[in-house]
1. For the stretch 430-457 and the stretch 473-528, what is the separation of their Cα centres, given in Å?
2. With θ set to phi - 60°, apply the Karplus curve 6.51 cos²θ - 1.76 cosθ + 1.60 along the stretch 187-197 and write out the HN-Hα couplings as whole Hz, x wherever there is a Gly or Pro.
3. What is the stretch 206-345 by shape, rounded, prolate or oblate, if you read a ≥ b ≥ c off the alpha carbon gyration tensor as root eigenvalues and call it rounded for a/c under 1.5, prolate for a/b larger than b/c, and oblate otherwise?
4. For Val98, project a label point 7 Å along Cα to C-beta. Then give me every residue of the stretch 65-89 with its amide nitrogen under 19 Å of that point.
5. Given the C-alpha centroids of the stretch 236-288 and the stretch 58-119, what is the distance between them in whole angstrom?
6. Hey, can you grab everything whose amide H is under 5 Å from the amide H of Ser267? Only 5+ residues off in sequence or another chain; H modelled, so Pro and N-termini drop out.
7. Indicate the gyration tensor shape class of the stretch 44-124 (rounded, prolate or oblate), computed on the Cα atoms with a ≥ b ≥ c the square roots of the eigenvalues: a/c under 1.5 is rounded; otherwise a/b larger than b/c is prolate and the rest oblate.
8. Roughly speaking, what is the stretch gain from Leu199 to Val219, that is 0.36 nm per residue apart minus the C-alpha to C-alpha distance, in nm to one decimal?
Amino acid sequence: MAIHVWGLVAIVIFYLLILFVGIWAAWKNKNSGVGDGSDQSERIMVGGRDIGLFVGGFTMTATWVGGGYINGTAEYVYLPDYGLAWAQAPFGYALSLVVGGLFFAKPMRSRGYVTMLDPFQQLYGKRMGGLLFIPALMGEIFWSAAILSALGATLSVIVDININMSVVISALIAIFYTLVGGLYSVAYTDVVQLFCIFLGLWISVPFALSNPAVSDITVTAKEVIYQSPWLGKIEPEDKWLWADNFCLLMLGGIPWQVYFQRVLSASSATYAQVLSFIAAFGCLVMAVPSVLIGAIGASTDWNQTSYGSLPPKDKDQSDMILPIVLQHLCPPYISFFGLGAVSAAVMSSADSSILSASSMFARNIYQLAFRQSASDREIVWVMRCTIFVFGALATAMALLTGSVYGLWYLSSDLVYVIIFPQLLSVLFVKGTNTYGSVAGYIFGLLLRIGGGEPYLKLPPFIYYPGWVTQERIHHVTGDVEYFIQQRFPFKTMSMLASFLANVAFSYLTKYLFESGTFSHKYDFLDAVVSKHSKEIMDKATLVSNQDNIILSEMAPVKQVLGASLAGTFINTDVLSDDGASSPEAFHNEN
């Protein structure tokens, strides 16, 4: 088995750089927040709440600009049936960050939550919080799997090893790196990550463009040379499908723990908003080289390259177009630098999602639902154990699902149709309760699952208007696979139905119990009659005796400033953001 020695050397160098920065950041900030009495588990989750604009802007941008983002964007620009018109991620996720900054960042940060699930458990109880953890966990696992798949594809091109082996190796590296140190390590390595991607791709693009095998990309954008024009087009019958996918990216990109972990770690609510806007701009900028590389791949006569006579799309290697272009269209020293930098950079995105999933489990499931008396040391060890479990799950998904972009869409689906309408309700709709939350959950889940999922080979049991049977040809094996494509925007419809069900059932049950139509003894969720039960939430734990939390007794959360970053990146003039300390208080203000 041939191994490209210099490519492997480049990977090792960049990996060591990332690991060194992660260890240095953990050591540098090991005492951050200690003087203010914050727990170690909370410092791991939200970094002492003293992440400023510089590091915060990089880490929030890098939340999306990872392996799935750069490889997936290049893949869709390259694919003949899609092109730039269907590469929705750059604009979709940029708008997602803008919407998140405008409407969601400030209320979440000003109330001092530790994870995204805190407001759900506060208002709907610990059992509903556990149910909402399931799609949140699946979203993070799918996202991590997309990153690992992209990284595995890159490694397999550089060192010519089996892609399954490279995914496993990548996962082991990411899991080990995640254990080095919490959010501080993640944030500082994200700075290195973005520089690696920026330099690695932009250094490679001019050499790839000037390769003799590459035609003028301005010509291939509109004319058929080697394949369909890479600008792509949206057929009239696909416009609703396109709109559905775009809404999924734009709105489904908001309710993620990996996003709110950055929001909640910001030094103030104002900073949390500004970080979102900075990241939106960063996402667009970082997508440009990926778009160009996809266009270069569509404009190349592969018969003139060392890759071979058949183009990547005919070898079912479209998802690896970015590393293939760098490997075969650039000089060796340039391709090794670019591939090494990119592979090391995207590796540091995996730890963010794994850390987010373990944070939600350790706090919202283990501590708040089962072990309210758990010590801080115990919570930290639970996080460390679940990092291994969730890393293994993400690895399995990366090995079992084909397209990077398919993994990406899957990761947003359940988050979009279930968690987003619940987040809207808990933050902005006064009067929703656990009964409505359960109804919305069930409606969204059934309508979404009913539409089927080709990437999981899950057949639909609800055939929405406009459905068609499509075929997918596997060029390597010659197998033909048939699947149902739903052209109706059923994902957005499922989200809206979930939201309306939450509101409608909440007000219906409230009326039925308060009017005496239903006896109070049937309020088995304690969501209406016994809404103010004996539970108290503070910044460290929810001490539960019942299933709901007493909103009026939630302790206010004070800002925590670590000495290490405060003097460097924090403007203390904006640290006095006042905000409601609970969803109920927020509603009463309005």
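Bear in mind these aren't lab numbers, they're just calculated from the coordinates by the rules spelled out. Given the structure is predicted, the values throughout are model-derived calculations rather than measurements. With ideal geometry, Cβ positions are generated from the backbone for all residues, glycine too; neighbour counts draw on all protein chains shown.
1. Here the two parts' Cα centres lie 3 Å apart.
2. 5, 5, 5, 5, 4, 5, 4, 5, 4, 5, 5
3. In terms of gyration-tensor shape, oblate.
4. 65, 85-89
5. Taking the Cα centre of the stretch 58-119 as reference, the centre of the stretch 236-288 is 3 Å away.
6. Excluding prolines and chain starts, which carry no amide H, the hits are Ile51.
7. Since a/c reaches 1.5 and a/b is larger than b/c, the shape of the stretch 44-124 is classed as prolate.
8. Result for the pair: 4.5 nm of gain on full extension.
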